[in-house]
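Quick notes on the structure that follows.
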Amino acid sequence: MFTFIKKDILVMIRDRQELKVLLLMPFILTLILGFALSGFMGGEESSFTIDVALVMEDDPNGAIEAFEAQLDEQSIPNEMKNDILQVAHAIQPVDILEQFLNSEELSDMLHVTYKSQTEAESALNKEELAAILTVPAGYTTDFLQNVIFDQSSASELIVTTGSHSGLIGDIFEDMIDTFVRSFNFETALTKVAGDDIVNDIVTDTIGNVETVTDADPISSTTYYAIGMAVMFALFVASTMGSKSYVENYQNVFNRILLSGKSPMLYLSGKGVTTFLLVILQALILFISVSLILRAFDITDPSFWLGTLIIMGLFALSIAAVTMVIIAFTMRYNNESISNIFGLGFVAILAMVGGSFTPTANLPDFVTQIGEWTPNGIALSALLQWYQGLSLEFIAPMLGRLLIISIICIVVSYLIFPKRGAR
Amino acid sequence: MLETTELKKTFKNKVAVDNVNLYLEKGESVGLLGPNGAGKSTTISMISSLIKPTSGEVLWHGKSVVKNPNIIRDVLGVVPQEIAIYEELTAYENLQFFGRIYGLKGKALEQKIDETLKIVGLEDRKKDLVKTFSGGMKRRINIAVALLHEPEFIIMDEPTVGIDPQSRNYILEMVRKLNEEKGMTVLYTSHYMEEVERLCDRIYIMDHGKIIATGTKEELTSILSSEEKIVIELDRPYPNFVEKLEQNEKILQVSVSEKGIDLIVPKNSQLLGEIFHIAEKLDVQIVHVNVQVPTLEDVFLHLTGRNLRD
């Protein structure tokens, strides 16, 4: 069989055009899709930082003391006074704002320093800051008056940006706006419920990073590297099918038959060659995106363990699909089978398998179909492995790949012409 | 050594080969002559065990090839009409691949590759990719692959199609040497009458899936031994002249050729005077007249009413 494999690999290597498509295109598409659709995906590590200054003109402690004094003057029962005081302590807006700004989720992106108004304006002018967030004097007092006694109108937080701030300044403004809206909503709920849940709700709702699953987040570059690896493996199947058609058409296959070698050896050789090419294609892609785009941590042994197990079984399933395509191509002496697969079916499989967009964004029935495509299974398994899920969790998917492989290999052996091609 | 009996192949109700009986003795060079679509390639595909006959038998030393294809595959070399090699590989890599699948390896394989390349005259081009070869060189490497395992019986299916006269001559000379000097049994199919005439001891003429005549060149041409051929070259086509000749009962056959008209007439019929008289009456300009002994081409025309290259 080694003779067949060597010949197939040599033929493939000499076909420069095909080689470029199979080895270079996955990298180029990963690059394009990874950058172009980075906002579409969750789990991005921030590639930029927002430097802001927090100017505190308010005196929250003084405001609480003043509020207590004001409450004492009210002619309401002591028990109620204690309840109101407890709520007032729980919903101190400046504390919650500071917790939000210094939260772990935003720490990579947001750098907050405390400055006076003058220092902050000077730094903004020198373009050292993207924005200034000012908490105006009387902010806490106005807030408590508004929330507890329905008196006064609430003060506003002030975001000041410079002409240089651009998109980053806008992002920060949006973040504060989202925080304020969410905080107001939760405060209103608390007021109605009289429950001390503000801290929990606010910190859980704002600034969380969306992830594909509950596990570690995946960057768009990593996602598309996997997506392209599994999609372009399908093109290997189509290419191998076309090359077999040429061998049949030009009577080379008949020559092989005349040598007395079993036709199954030829078919198995095609399968092994496809397996090797898929592994090679994925390794080249994963290593190059790791070195250039830092998509994977290739120094981590667990990366290699998962990649080799999952890609090994995936390559086996693609080899088996290739054998079916070749069996039909040779039986009916018709190239259209591999052409239809390469030109149309691969795109459909890639779409339902999630190579272009996470299947979570697709209708349920498409997701269900994708779960039974070799590329869809491999993509899910690799994503989950890189997100830190155990092999035990991935095992059912690997089982599905094995089932697909066995079925396809049996079908190909049954269909493949035994005597001659025609 | 090889015999086919009542060999028949039908494709979707179309009979491609119809009850073909032929035989080859060891060391013979036999031609299978016929126009394109006559059924030659289907016949040799059945002989070489690539296609199963619808009915009939192929026997190799009395044993059925249909039941046990391997009995012929080890001793058979086939040169298909197509260039059945890998154009992306070098000549050497092609021979190495095919040699290995025939079970050759190591020094024996190296030696065989060198010998075969020498036979086909491509030893200097062994490291070049086949796709850089001329049509004639590709044909030669196509033959080399079939010779690699030293077959005792070689089938060549139109091995000279589409190549220049020099390469064609080289290949024909090579086939002659393989037969005469190495004692290889050759079944040579072609629609070029002159190739079969030059190479083959015996000839089968095939048309519409049937063997319509068989024998040595002399035996076949003797079919027309009582006739002779008059080749008339004209300055331009004259349809009325053809019509008049066809009406003449003494003329056995009239066919329009590229340059004029070919006539089959009874030997010593002395029809030339009559032909010139008709030409004069119709104002036909005769450029050249030649009286010939009939060829295999004429035999084929006589048997089928068609030219070999139709």
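Our estimate of slack between A:I292 and A:E371, defined as 0.36 nm per intervening residue step minus the Cα-Cα distance, is 25.4 nm. Entry note, the stretch A:263-406: relative contact order of 25 percent, from Cα contacts under 8 Å with a spacing of 6+ residues. When the helices of chain B are scored as -39500 (n - 2.57) per DSSP H run of n ≥ 4 and the total is divided over every residue, the value at 222 nm lands at -10000 deg cm²/dmol. Near the amide H of B:V79, within less than 5 Å, lie the amide hydrogens of B:I155, B:M156, B:D157, all on another chain or at least 5 residues away, with H placed in the peptide plane.
Below 8 Å, C-alpha to C-alpha, sequence gap of six or more: please give me the relative contact order for the stretch B:1-129 in percent.
Numbers: 148 pairs, mean separation 26.3, N = 129.
The normalised contact order for the stretch B:1-129 reaches 20 percent.
Relative contact order, whole percent, for the stretch B:252-310 stands at 17, derived from Cα pairs under 8 Å and 6 or more residues apart. Summing charges over all other residues whose Cβ lies under 13 Å from the Cβ of B:E227, with Lys and Arg as +1 and Asp and Glu as -1, gives 0. Take each residue in B:81-91, count the other chain C-beta atoms within 10 Å of its C-beta, and the mean is 5. Amide H to amide H distances under 5 Å link B:S29 with B:V186, B:D201, B:R202, where only residues 5 or more positions off or on other chains count and H is placed in the peptide plane.
The packing ranking of peptides B:128-140, A:11-23, B:190-202, highest mean first, is B:190-202, B:128-140, A:11-23, where packing means the average number of other beta carbon atoms within 10 angstrom of each residue.
Any idea what angle helix A:391-415 forms with the longest principal axis of chain A, computed on alpha-carbon atoms, 0 to 90 degrees, nearest 10? Roughly 30 degrees between the two axes.
A 18 angstrom limit on the alpha carbon distance is what I want to check against. Which of B:K217/B:K250; A:K261/B:K26; A:K261/B:K118; B:K9/B:K210; A:K270/B:K138; B:K14/B:K210 exceed it? All intermediate terms of the calculation are to be shown ahead of the outcome.
Working: B:K217/B:K250 27 Å; A:K261/B:K26 26 Å; A:K261/B:K118 27 Å; B:K9/B:K210 11 Å; A:K270/B:K138 25 Å; B:K14/B:K210 13 Å.
From the list (B:K217/B:K250; A:K261/B:K26; A:K261/B:K118; B:K9/B:K210; A:K270/B:K138; B:K14/B:K210), the Cα-Cα distance tops 18 Å for B:K217/B:K250; A:K261/B:K26; A:K261/B:K118; A:K270/B:K138.
Label separation (A:M25 vs B:K12): 3.3 nm, computed from points 7 Å beyond Cα along the C-beta direction. One Cα centroid belongs to the stretch A:303-362, the other to the stretch B:111-167; the line between them spans 39 Å. Need one word for the stretch B:226-293: rounded, prolate or oblate. Basis is the Cα gyration tensor (sqrt eigenvalues a ≥ b ≥ c); a/c below 1.5 gives rounded, then a/b vs b/c decides. It comes out prolate by the Cα gyration axes.
In this simple spin-label model, placing a label point 7 Å from the Cα along the Cα-to-Cβ direction at both B:E115 and B:V75 gives a separation of 1.8 nm.
Each Lys and Arg contributes +1 and each Asp and Glu -1, all at the Cβ; summed about the Cα centre of the protein assembly as shown, the dipole is approximately 6880 debye. Converting the Cα gyration tensor eigenvalues of the protein assembly as shown into ellipsoid dimensions via √(5λ) gives semi-axes, longest first, of 89, 28, 22 Å. Look at the dipole of the protein assembly as shown built from charges on Cβ: of A:F67, A:Q99, A:A381, the Cα furthest out on the positive end belongs to A:A381.
Can you list the residues of the stretch B:144-182 with backbone N under 19 Å from a point 7 Å past the Cα of B:S134, pointing along Cα to Cβ? So the set is B:144, B:159-175. Rounded to the nearest 500, the helix-only mean residue ellipticity at 222 nm of chain A stands at -21500 deg cm²/dmol, with each DSSP H run of n ≥ 4 adding -39,500 (n - 2.57).
I'd like to check one number: the per residue accessible area of the protein assembly as shown, probe 1.4 Å, reported in Å² as a whole number. Don't skip to the end; give the middle numbers.
Details: 34040 Å² over 732 residues.
Heavy-atom accessible area per residue stands at 46 Å².
Inter-part distance, the stretch A:56-133 to the stretch B:268-298, computed on C-alpha centroids, equals 121 Å. Annotation: extensible slack from A:E156 through A:H111 equals 14.0 nm (criterion: 0.36 nm per residue apart, minus Cα-Cα distance). Summing charges over neighbours of B:K217, with a neighbour being any other residue whose Cβ is under 10 Å away from its Cβ, gives -2 when K and R count +1 and D and E count -1. Label sites at B:E233 and A:Q86, each approximated as a point 7 angstrom past Cα along Cα to Cβ, lie 12.4 nm apart.
Taking the Cβ of A:A123 as the center, what net charge do the other residues with Cβ under 11 Å away carry, scoring Lys and Arg +1 and Asp and Glu -1? Residues near A:A123 contribute -3 overall.
The values are calculated or read from the model by the stated rules, or taken from the named source; none is laboratory data. Please read these numbers as outputs of a predicted model, since none were measured by experiment. Note that each Cβ is placed from the backbone with ideal geometry, even for glycine, and that neighbours are counted across all protein chains shown. Protein only, heavy atoms only, side chains kept; ligands, DNA and RNA dropped before computing areas. Shrake-Rupley method; radii C 1.70, N 1.55, O 1.52, S 1.80 Å.
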